[in-house]
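Working notes, beginning with the structure itself.
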2 protein chains.
Amino acid sequence: MSKKSVPAASDTETRATSEHAPDLRLWLRMLACTNLIENHVRSRLRAEFDITLPRFDLMSQLERSPQGLKMGELSKRMMVTGGNVTGITDQLVGEGLVVREDSPKDRRAYLVKLTPEGRRSFRKMADSHEKWILELFSGMDEGQRGQLYGLLAALKTSASRVTGKK
Amino acid sequence: MSKKSVPAASDTETRATSEHAPDLRLWLRMLACTNLIENHVRSRLRAEFDITLPRFDLMSQLERSPQGLKMGELSKRMMVTGGNVTGITDQLVGEGLVVREDSPKDRRAYLVKLTPEGRRSFRKMADSHEKWILELFSGMDEGQRGQLYGLLAALKTSASRVTGKK
DNA sequence: ATGAAAATATCGACGCCTAAAATATCAAAA
DNA sequence: TTTTGATATTTTAGGCGTCGATATTTTCAT
C-alpha cells in the first residue's frame with residue numbers, strides 16, 4: 001500500500017486546485033447550464049425577432065396577468081431591481097408593445113399592460129421560444145426531467161430559507 | 001354538480017394562462033433558482049468584501065490556472081464575450097489584483113495572472129463564498145445533491161448538442 | 001515568400017443591472 | 001389636521017454584457 005508519496009503540500013507554496021467542495025462544483029455546473037441556455041435563447045431572440053431577453057421576459061410576465069401588473073410586481077417576478085424595470089418598460093412603451101395605465105386605487109402606481117400589438121407580437125415569439133426550450137432539454141428523458149423538476153423545488157426551498165426571499 | 005359556469009373561453013378573448021409546457025416550467029424554475037442564489041452571492045460579496053461577482057469569478061478562474069490564462073480562455077470559461085473580459089481585467093489590474101503579461105509564444109496574446117495580493121485576497125473571499133454555497137444547498141440531503149449533479153450533467157450534454165458550445 | 005484567412009485582443013455604442021438617493025403618495029396615529 | 005412612517009416609482013452614477021468594427025499577429029495554402 002504505497003501511500004505516503006503524495007505531494008505533501010509543501011509548507012508555503014500550497015496545494016494546487018480542484019479540491020473544491022462537492023457543493024461548489026454542483027453550483028458551478030448549474031450556473032454553467034443556465035448560462036449556456038440563457039445565452040442561446042438570448043441570441044436567438046435577437047437574431048429572429050430583434051428583441052432582448054429582458055424585454056421578452058417582461059412581456060411574458062404581462063401575458064400571464066392580463067389585468068396588468070404594477071412596477072413593483074414586475075420587479076419581484078423578474079427578480080431585478082425596480083429601477084431596472086423602469087428602463088425596460090420605457091423601451092417597450094416606446095415600441096408600442098406595452099402601456100402604463102394609472103392605477104385607479106393608488107396614484108403612486110401604474111398598471112403595466114400589453115397593448116394588442118404587444119400581445120400579438122409576444123404570442124408569435126413565445127411559440128418559438130417554447131420550441132427552443134423543448135429542444136434544449138430534449139436530450140433528457142421524461143423521468144429525468146421530472147426528477148430535475150422535483151430537485152429544483154427542493155433547492156428553491158433550501159435557498160429561500162437563507163435568502164429570506166419567497 | 002354545477003359545472004358549466006366556467007368562463008368557457010369566448011372565441012376571441014382567449015383563455016388565460018398556465019398552459020405552459022412542462023419543459024418551460026422546468027426551465028423557469030431553474031432560472032429562478034439560479035437567480036436567487038446568484039443575487040444572494042452577489043450582494044454578500046459586495047457587502048462583505050466590496051467586490052463584484054464578475055471580478056470574483058475572473059479571479060477564481062485564475063486561481064485554478066496559476067500558469068495564467070489568455071483573454072480568450074477567460075472569455076470561454078466565464079461564458080462571456082471577449083470585450084467584456086477586457087473591461088473586467090482592466091478594473092482588476094487597476095486594483096493591483098491581476099497582471100497582464102505578454103505571452104512568450106504569441107505576441108497578440110496576454111497571460112493574465114493573479115498578483116500575490118490578488119491571490120491572498122481571493123483565498124480569503126473564497127472561504128466565505130464556499131460557506132455561503134454550502135449553506136444555500138444545505139436543505140438538500142447528500143443523495144439529492146448527488147442526483148442533481150448527475151441530472152445537470154445530462155442537461156449540459158443535451159443543451160450543448162444544440163448550442164454547439166462544448 | 002506571398003497573400004488570404006483565421007485568431008487574439010481592444011474599442012465604441014448601446015442596453016441591462018444594481019445601489020442609493022430623490023420624489024410623490026398613502027395610511028395611520030398624535 | 002399634521003406629522004410620521006411606509007410604499008411606489010423614478011433618477012443617477014457606475015459597472016457588466018453584447019455586438020460589430022478595428023488593428024495586429026499568426027497560419028497556411030499557394
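Matching residues to (1) of a type in the set (Ser, Thr, Tyr); (2) within 12 Å of DNA strand D (Cβ to nearest atom); (3) modelled with pLDDT of 95 or more:
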position	(1), (2), (3)
B:MET1	no, no, no
B:ALA8	no, no, no
B:ASP11	no, no, no
B:LEU31	no, no, yes
B:THR34	yes, no, yes
B:ILE37	no, no, yes
B:ARG42	no, yes, yes
B:ARG46	no, yes, yes
B:SER60	yes, no, yes
Filter the stretch A:50-68 down to the residues that are on the phi < 0 side of the Ramachandran plot and away from DNA strand C (no atom under 13 Å from the Cβ) and list them by number. A:LEU62, A:GLU63, A:ARG64, A:SER65, A:PRO66, A:GLN67
For the subset of the stretch A:22-47 comprising residues that are without any contact (Cβ under 8 Å) to a residue 24 or more places away in the chain and more than 11 Å from chain B (Cβ to nearest Cβ), which member is surrounded by the fewest Cβ atoms within 10 Å (Cβ to Cβ)? A:ALA47
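Mind checking which residues of the stretch B:72-99 are in contact with a Ser or Thr (Cβ under 7 Å, 6 or more places away or on another chain) and of a type outside the set (Ser, Thr, Tyr)? Before you say what the answer is, go through the steps one by one.
Going through the stretch B:72-99, the residues in contact with a Ser or Thr (Cβ under 7 Å, 6 or more places away or on another chain) turn out to be B:75, B:81-82, B:85, B:96-99.
B:GLY82, B:VAL85, B:GLY96, B:LEU97, B:VAL98, B:VAL99, listed by residue number.
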Quick one: would you say B:SER128 is away from DNA strand D (no atom under 11 Å from the Cβ), out of contact with any Cys (no Cβ under 7 Å at 6 or more places or on another chain) and modelled with pLDDT of 95 or more? yes
So how many residues does the stretch A:81-102 have that are within 21 Å of A:GLU117 (Cβ to Cβ), among the small types (Gly, Ala, Ser), in contact with a helix residue (DSSP H, G or I) (Cβ under 7 Å, 6 or more places away or on another chain) and within 10 Å of DNA strand D (Cβ to nearest atom)? 0
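The values are calculated or read from the model by the stated rules, or taken from the named source; none is laboratory data. The structure presented is a predicted model; accordingly, all values stated were derived computationally and were not measured. All Cβ positions, even for glycine, are placed from backbone atoms using ideal geometry, and neighbour counts span all protein chains on display.
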